[in-house]
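Asks: Sending over a structure as structure tokens; questions will come in a sec.
The values are calculated or read from the model by the stated rules, or taken from the named source; none is laboratory data. Please read these numbers as outputs of a predicted model, since none were measured by experiment. Note that each Cβ is placed from the backbone with ideal geometry, even for glycine, and that neighbours are counted across all protein chains shown.
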Amino acid sequence: MKCSKNLSILYLIGDRGLDLTKGEGYKIHVLKIIDGLKKKGHKVFLLTINESLSLPEFDNYLTIRHTYFRFFFHRFFPFTGTLNSINILKHIIRLHKRRKFDVIHERFGLYSFGGILAAKILHIPHLMEINGPGIEEKKLFTQDIAPIQKFMAKSVRKFCLRNTSHIIAVSNNLEKFLFDNAVVKQEDKITVLPNAADVTAFSKQFDKQRLKAALHLENKFIIAYTGTLQVWYAIEDLVSAMPLVVEKIPNAFLLIAGEGQAREKLEKQIKQLGISNHVQFTGYVPHSKIPEFISLADVVVAPYKEVGMAFFNSPIKIFEYLSAGKAIVATKIGQITEILQDQHTALLVTPSRIEELANAIIRLARDEQLRNYLAKNAKIEAQKYSWDRHVDQVVNIYRKLIV
């Protein structure tokens, strides 16, 4: 029977903004899904728009260069990303002749409609994985797009999400956004599936004292943050909390693993607050080394800010912190309040309340019993959110779509 066999899957990324050569969180998500599918015996081919034609961490893929309009033509046709969809459509039809895909799994991206058209022409199911609304993110986090682009982007989003066979949304807030904005009308068309972590990798035991010694951080109470340093995270709140923490916990030390556009501003803030001796940036850390890095920490922090709309994210760091069995301090916002239980698996704090954030860290520094209690419960909770279970749920959706 066709639905019980190993599947041939096309994983599609048609948005040039999702560059798999960068160390962003979405790259980890893509890697884990593809690796998980392969481990279960399925064949996966990656098709993506990318600035580079080489993706060393992937195999079995094809990259397509982004199509540009040159000179003044861009002013009259600013959404040139739509041209990529035509290329994607042609490449999928060619690839299907040789690989006979059972399903197209697409990560949602602005202006990308080639996967939907190909699925209709080839009469194969199409699954759309959506991790954020896209258009609204541009306005909140980078730069709002021009009216003509916004009209085109909203039209494409509505067309794709209404014509895909099924949708995976990473959070309940994102699902609600899609219904509230009439992007999707059928409730049974969406499955909410949070992100996950490699529970086995993050459960490994490391020599914490040796690692501390290598960084000259012996006898320090280490507070850790992992992730890209982007403006929509509230890392500046964590930095602002450090003087209050250090006043009560003199050996407190903040380790920040990651790179991003907010680093320069954060470094200035640290200098102005006079806490340079209590903070260290490690720079980019390969994801394979993140479990080792987190093992150093006594407390891990996931700070976020209110952004003027429902928090739709499903932060991978939350699931990694759980899997590592660490005492967590996180912002009381969006899906975080569904995954983490205050006083049981984490201490949850109000967005932008610096003193509240500092007091939570100070409390954990002073109460080893509470740290251990949260850490133990975190490891238990993490079992619900492994990439292995996540991929099983994705495959179950594939099989329901294949008839």
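Asks: Search region 115-140 for residues being closer than 30 Å to GLY260 by Cβ and assigned to a helix (DSSP H, G or I), and hand back the single one that is modelled with the highest pLDDT.
Replies: Selected residue: GLY115.
Asks: Can I ask one more? Search region 301-318 for residues being among the β-branched types (Val, Ile, Thr) and over 16 Å from VAL199 (Cβ atoms), and hand back the single one that is surrounded by the fewest Cβ atoms within 10 Å (Cβ to Cβ).
Replies: Among residues in region 301-318 that are among the β-branched types (Val, Ile, Thr) and over 16 Å from VAL199 (Cβ atoms), the one surrounded by the fewest Cβ atoms within 10 Å (Cβ to Cβ) is VAL307.
Asks: Is there a residue in region 347-366 that is farther than 25 Å from LEU254 by Cβ and either at pLDDT 95 or above or under 21 Å from the mean Cα position of the chain (by Cα) (or both)?
Replies: Looking through region 347-366, none of the residues is farther than 25 Å from LEU254 by Cβ and either at pLDDT 95 or above or under 21 Å from the mean Cα position of the chain (by Cα) (or both).
Asks: VAL245: touching a residue at least 12 places away in the same chain (Cβ under 8 Å) and within 25 Å of ASN396 (Cα to Cα), yes or no?
Replies: no
Asks: Now, a different point. All but one of (1) over 20 Å from ASP102 (Cβ atoms); (2) out of contact with any helix residue (DSSP H, G or I) (no Cβ under 6 Å at 6 or more places or on another chain) hold for VAL183, so report the exception by its number.
Replies: With (1) over 20 Å from ASP102 (Cβ atoms); (2) out of contact with any helix residue (DSSP H, G or I) (no Cβ under 6 Å at 6 or more places or on another chain) applied to VAL183, the lone miss is (2).
Asks: Sort out which residues of region 296-336 are of a type in the set (Ser, Thr, Tyr) and modelled with pLDDT of 95 or more, and write them in order of number.
Replies: Of everything in region 296-336, those that are of a type in the set (Ser, Thr, Tyr) and modelled with pLDDT of 95 or more turn out to be TYR321, SER323, THR331.
Asks: Within region 318-346, how many residues turn out to be closer than 16 Å to ASP237 by Cα and either touching a Ser or Thr at 6+ places or on another chain (Cβ under 6 Å) or of a type outside the set (Val, Ile, Thr) (or both)?
Replies: 2
Asks: Moving to a separate point now. Take the residues of region 213-235 that are in contact (Cβ under 8 Å) with a residue 12 or more places away in the chain and more than 20 Å from the chain's Cα centre (by Cα): which is surrounded by the most Cβ atoms within 10 Å (Cβ to Cβ)? Please lay out each step first, then the result.
Replies: Residues of region 213-235 that are in contact (Cβ under 8 Å) with a residue 12 or more places away in the chain, as a first pass: 215, 217, 219-235.
Now restrict to residues that are more than 20 Å from the chain's Cα centre (by Cα): 215, 217, 219-223.
Details: LEU215: 15, LEU217: 16, ASN219: 7, LYS220: 19, PHE221: 19, ILE222: 20, ILE223: 26.
The extreme case among them is ILE223.
Asks: Let me ask something else about it. Scan region 275-296 residue by residue and report those that are surrounded by fewer than 22 Cβ atoms within 10 Å (Cβ to Cβ) and either within 14 Å of LEU374 (Cα to Cα) or touching an Asp or Glu at 6+ places or on another chain (Cβ under 7 Å) (or both).
Replies: Passing the criteria: GLY283, TYR284.
Asks: Hey, can you tell me all the residues within region 366-403 that are farther than 22 Å from PHE319 by Cα, part of a helix (DSSP H, G or I) and in contact with an Asp or Glu (Cβ under 8 Å, 6 or more places away or on another chain)?
Replies: Within region 366-403, just TYR398 meets the criteria.
Asks: Turning to a different aspect of this structure: Is it true that some residue in region 141-157 is at pLDDT 85 or above, surrounded by fewer than 20 Cβ atoms within 10 Å (Cβ to Cβ) and in a helix (DSSP H, G or I)?
Replies: The answer is yes; a qualifying residue exists.
Asks: Could you tell me whether region 178-191 includes any residue that is more than 28 Å from ASP388 (Cβ to Cβ), of a type in the set (Gly, Ala, Ser) and buried (at least 22 other Cβ atoms within 10 Å of the Cβ)?
Replies: no
Asks: Let me ask something else about it. Can you find a residue that is modelled with pLDDT of 80 or more, closer than 27 Å to ILE318 by Cα and within 25 Å of the chain's Cα centre (by Cα) anywhere in region 58-76?
Replies: yes
Asks: So if I check each of LYS39, LYS32, which one is out of contact with any Ser or Thr (no Cβ under 7 Å at 6 or more places or on another chain) and within 21 Å of TYR284 (Cα to Cα)?
Replies: Going through LYS39, LYS32 in turn, the sole match is LYS32.
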